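Notes for the one structure printed next.
The values are calculated or read from the model by the stated rules, or taken from the named source; none is laboratory data. Note that the coordinates shown come from a computational prediction; the quantities given were computed from them, not determined experimentally. Every residue, glycine as well, gets a Cβ built from its backbone with ideal geometry; the counts of neighbours run over all protein chains shown.
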């Protein structure tokens, strides 16, 4: 098993930044902390057309889809 380093300060700040509709996830392969909103998850579940959205929002919805897919397949990435 590979060892990944993540700064405790970054995790603490991410936990502190979470809210009722803003969630933080740790990518266990890259060590990246990502934030996803409930709206991002709803858009990912509804399969809305991404080409009509701004690039930043496309990226957020793609991350949300990746998290949902990971949860449905056993959850080893997030």
(message) Among the residues of the range 35-78, what is the count of those that are touching a residue at least 40 places away in the same chain (Cβ under 8 Å) and either over 23 Å from residue 7 (Cα atoms) or not in a loop (DSSP other than H, G, I, E, B) (or both)?
(response) 1
(message) What are the pairs with Cβ atoms under 8 angstrom where one residue, in the range 5-33, is under 16 Å from residue 76 (Cβ atoms) and the other, located anywhere, is surrounded by fewer than 10 Cβ atoms within 10 Å (Cβ to Cβ)? Sequence gap at least six, or different chains.
(response) 28/76; 31/5
(message) Just checking, does the range 16-23 include any residue being modelled with pLDDT of 90 or more, closer than 13 Å to residue 66 by Cβ and surrounded by 12 or more Cβ atoms within 10 Å (Cβ to Cβ)?
(response) no
(message) So residue 28 passes all but one of these: (1) assigned to a loop (DSSP other than H, G, I, E, B); (2) in contact with a strand residue (DSSP E or B) (Cβ under 8 Å, 6 or more places away or on another chain). Which condition number does it fail?
(response) (2)
